[in-house]
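Here's the structure we're looking at; comments come further down.
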Amino acid sequence: MNLKRILSAVFGIIAGLLVAFVFFADLNKDDNAASENKSKAEKVYVPYGELDEYYMLASGGHSGQLFVYGIPSMRKIRTVPVFTPDPATGYGYDKASKEMLGDYTWGDFHHPAVSETEGDYDGEFLFANDVGNNRVAAVDLSTFHTVDMMSLPNMGGPHAGVFVTENTEYIALPTRFARPLAGEYASLDDYEKEYKGVVSMATFDRENKEFDLAYQIMLPPWSYDLSDAGKKMSSDWIVMTTYNTEFATTNLEINASQNDRDYIVLVNWKVLEKEVAEGNYNEVNGAKMIDPRDHKGAIFAVPVAKSPHGVDVTPDGTRFIASGKLAPLMTVFSFEKAFAAIENENFSDEKFGIPILPYEEVMEREVDPPGALGPLHTQFDDKGHAYNTMFISSEIVKWKIDTGEVIDRIPTYYSPGHAAAAEGDTVDPDGKWIVALNKIAKDNFLSVGPSHPESMDLIDISGEKMEHIMAVPVDPEPHYAQIIHRDKINPVKIYEKDEKRENAVWKQEDAHIERKGDEVHVYGIAMRSRFVFDAKADRPDAVTVKEGDRVFFHITNIDLDQDITHGFGINDYDLNFEVQPGQTSTLEFVADKAGTYPIYCTNFCSALHQEMSGYLLVEPK
Ligand code: K7E
Ligand code: CUA
């Protein structure tokens with residue numbers, strides 16, 4: 001063997017080993033990735049027969065609906081219609097929900113807030129704001145039905161709510177757009193004088209499931225973003241971020257970003273409550289209106305870095321944190337320092353009768369993680385950390401509230417607006433999960449054409465380092481959500497049988513029809529697998545009316561069994577609604593088309609569901 005052959009053999013062996021090494025290293029990498037994926041998958045796998053630990057109650061943005069998810073599986077469980085009709089369940093078709101919605105056909109639901117007791121979600125009701133049409137709604141979490149809705153006068157989109165005070169004394173809704181009171185005409189040249197930024201303070205009577213507008217606060221024509229109520233030591237207060245303190249009336253993207261500082265407004269609702277009780281307000285379009293110029297000692301402001309987005313109160317209630325949006329930093333303010341400045345009347349300025357507290361003396365620190373851009377909102381865990389969504393740099397930044405030290409950063413896919421942490425708005429967050437609610441998914445999912453879905457990232461925050469677990473597509477828009485432990489929500493299994501309930505019929509043989517002039521009232525029942533409209537008639541499941549009659553179908557579902565929901569559709573009449581077990585609902589319409597129209601159950605309820613039908617006969621005039 002000559003040297004040349006020896007060398008080439010050695011070279012061959014080395015090359016072979018190298019190839020083998022690279023091959024096995026690669027295999028190893030694949031193995032690691034596979035085992036990492038497996039451990040992530042195990043974290044969110046909910047075996048058949050078990051349930052998710054949390055509910056995520058997510059606003060559906062401009063769909064006007066509420067989406068219910070299970071966490072950690074991220075499975076969507078239900079859509080609850082709130083501000084928008086829902087043909088599938090007949091929401092907006094039956095009389096009660098139709099009257100509640102009025103003539104509105106859409107809403108823009110931004111921020112859900114679960115009712116609270118002592119600063120903790122109590123799981124009884126969920127409140128919703130409609131930026132599109134100036135409404136507030138309540139969803140009863142024992143039935144997941146929308147039970148009340150109130151229109152808010154003098155508002156231009158109650159965007160910066162809803163958030164609730166510690167014991168749901170008030171549901172606060174600051175406006176987004178300044179507008180003349182009652183929306184009357186006023187030239188944009190008179191913006192500063194005629195336009196107002198109104199805050200609504202609503203109350204909710206849990207017993208009667210009813211809103212009331214307690215009072216409104218008339219602020220300067222600033223715009224507000226999602227705000228928060230104080231907790232514990234700060235529980236008498238609400239804090240609100242403002243932007244467009246420039247009073248720009250056109251090209252806001254440039255003109256509303258001129259000032260280096262906007263404001264956070266602090267309102268003592270306890271003081272205002274007393275003043276309203278003493279009659280110290282003006283009546284404006286049916287609302288009790290508070291003017292800051294007449295209420296010294298209740299409304300203050302502190303400057304904040306330009307065009308802030310959200311402001312959030314820490315779980316212990318000692319601080320409020322503003323997110324910079326245009327100034328890429330979070331500013332931590334101290335309630336204690338704010339209270340001291342108020343106490344000592346240490347004001348640096350006054351605007352529209354609102355004393356301005358000196359920034360340097362109320363601010364505790366500015367947190368400015370390098371390269372983190374576009375902070376929008378803050379969530380919290382149980383270990384003194386804050387989590388900020390960064391819209392522009394597409395990430396969540398975890399930092400220590402006490403020191404401002406940045407602990408970890410994790411990318412999101414992409415551009416998160418809000419994030420929701422488990423029990424994250426309470427005095428006692430769980431520190432387990434955070435869900436980034438992203439505005440853009442790019443091409444993370446199968447393409448469905450030019451418009452892509454939005455997305456949500458599930459992130460495990462139980463350790464020191466955050467761990468991205470998965471991304472899921474979502475209908476527009478994953479705006480904001482609250483994540484509440486399943487033990488706090490106690491849905492009923494059926495609507496309780498109530499013999500005294502108006503329009504209800506509980507026995508087949510009691511089903512009957514009453515005619516009053518041109519009104520026809522059908523007091524009927526739905527059960528597996530028939531409708532009974534008139535027990536004494538030859539054909540108990542047929543109703544004959546005259547063309548032009550006003551028809552009322554009062555239908556009670558007498559199947560007192562969980563999940564036996566019946567639908568009620570009238571073929572060719574564009575009408576459908578449902579009755580859940582034990583529920584009575586009314587459908588009201590004018591039979592303005594003569595003819596023969598089959599009625600059928602639209603919700604598959606039994607093996608004889610297909611047979612659950614009848615007829616509406618409309619005799620020609
Ligand atoms: Cu929820 Cu500006 Cu509507 Cu932030 S607010 S994303
Ligand atoms: Cu009742 Cu199908």
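Data table
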| item | result |
| --- | --- |
| Hits in segment 35-57 - residues which are free of Cβ contacts under 8 Å to residues at least 24 places away in the same chain and open to solvent by 60 Å² or more (accessible area, probe 1.4 Å) | S35, E36, N37, K38, E42, Y48, G49, E50 |
| Enumeration of residues in segment 55-74 that are assigned to a loop (DSSP other than H, G, I, E, B) and either touching a helix residue (DSSP H, G or I) at 6+ places or on another chain (Cβ under 8 Å) or farther than 11 Å from A128 by Cα (or both) | H62, S63, P72, S73, M74 |
| Residues of segment 180-193 satisfying the condition of being among the hydrophobic types (A, V, I, L, M, F, W, C) and either on the phi < 0 side of the Ramachandran plot or surrounded by 16 or more Cβ atoms within 10 Å (Cβ to Cβ) (or both) | L181, A186, L188 |
| Single match in I484, I525, I513 (criterion: among the aliphatic types (A, V, I, L, M), assigned by TED's automatic domain parsing to the domain that holds A420 and more than 16 Å from ligand 1 (Cβ to nearest atom)) | I484 |
| First in segment 98-124 and farther than 30 Å from V427 by Cα, second anywhere and aromatic (F, W, Y) and surrounded by 24 or more Cβ atoms within 10 Å (Cβ to Cβ), Cβ under 6 Å, 6 or more apart | G107/F83 |
| Filter pass, F568 being in a strand (DSSP E or B) and touching a Lys or Arg at 6+ places or on another chain (Cβ under 9 Å) | no |
| Meets criteria (open to solvent by 10 Å² or more (accessible area, probe 1.4 Å) and in the same structural domain as I71 (by TED's automatic domain parsing)) for S455 | no |
| Members of segment 562-576 found to be hydrophobic (A, V, I, L, M, F, W, C) and either outside the structural domain of R530 (by TED's automatic domain parsing) or within 12 Å of ligand 2 (Cβ to nearest atom) (or both), listed by number | I564, F568 |
| Strands (runs of 3 or more DSSP E) enclosed by segment 395-435 - at least 3 residues per element that are surrounded by 20 or more Cβ atoms within 10 Å (Cβ to Cβ) | 395-400, 416-421 |
| Residue ranges of strands (runs of 3 or more DSSP E) in segment 309-362 with at least 2 members at pLDDT 95 or above | 311-313, 319-323, 330-334, 354-356 |
| Test: residue in segment 490-501 that is polar (S, T, N, Q) and crowded, with 17+ Cβ neighbours inside 10 Å | no |
| Residues satisfying the stated conditions in segment 271-293, i.e. farther than 17 Å from I342 by Cα, in contact (Cβ under 8 Å) with a residue 40 or more places away in the chain and either loosely packed, with under 13 Cβ neighbours inside 10 Å or outside the structural domain of P174 (by TED's automatic domain parsing) (or both) | N285, G286 |
| Tally, over segment 584-616, of residues that are open to solvent by less than 50 Å² (accessible area, probe 1.4 Å) and more than 13 Å from ligand 2 (Cβ to nearest atom) | 12 |
| Single match in V551, V492 (criterion: closer than 18 Å to T596 by Cα and modelled with pLDDT of 95 or more) | V551 |
| Pick from segment 116-173, criterion at positive phi, away from ligand 1 (no atom under 16 Å from the Cβ) and out of contact with any helix residue (DSSP H, G or I) (no Cβ under 8 Å at 6 or more places or on another chain), ranking: most open to solvent (accessible area, probe 1.4 Å) | E118 |
| Condition broken by L458, with the remaining ones in (1) under 22 Å from K536 (Cα atoms); (2) touching a strand residue (DSSP E or B) at 6+ places or on another chain (Cβ under 9 Å) satisfied | (1) |
| Residue match in segment 394-403 (condition: farther than 22 Å from D225 by Cα, among the polar types (S, T, N, Q) and at pLDDT 95 or above) | yes |
| Subset of segment 436-449 that is aliphatic (A, V, I, L, M) and touching a residue at least 24 places away in the same chain (Cβ under 8 Å) - its residue that is most open to solvent (accessible area, probe 1.4 Å) | I440 |
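The values are calculated or read from the model by the stated rules, or taken from the named source; none is laboratory data. This structure is a prediction, so every number in the text was calculated from the model and none was measured. Virtual Cβ from ideal backbone geometry, glycine too; neighbours counted across all protein chains shown. Only protein heavy atoms, including side chains, enter the accessible area calculation; ligands, DNA and RNA are left aside. Shrake-Rupley method; radii C 1.70, N 1.55, O 1.52, S 1.80 Å.
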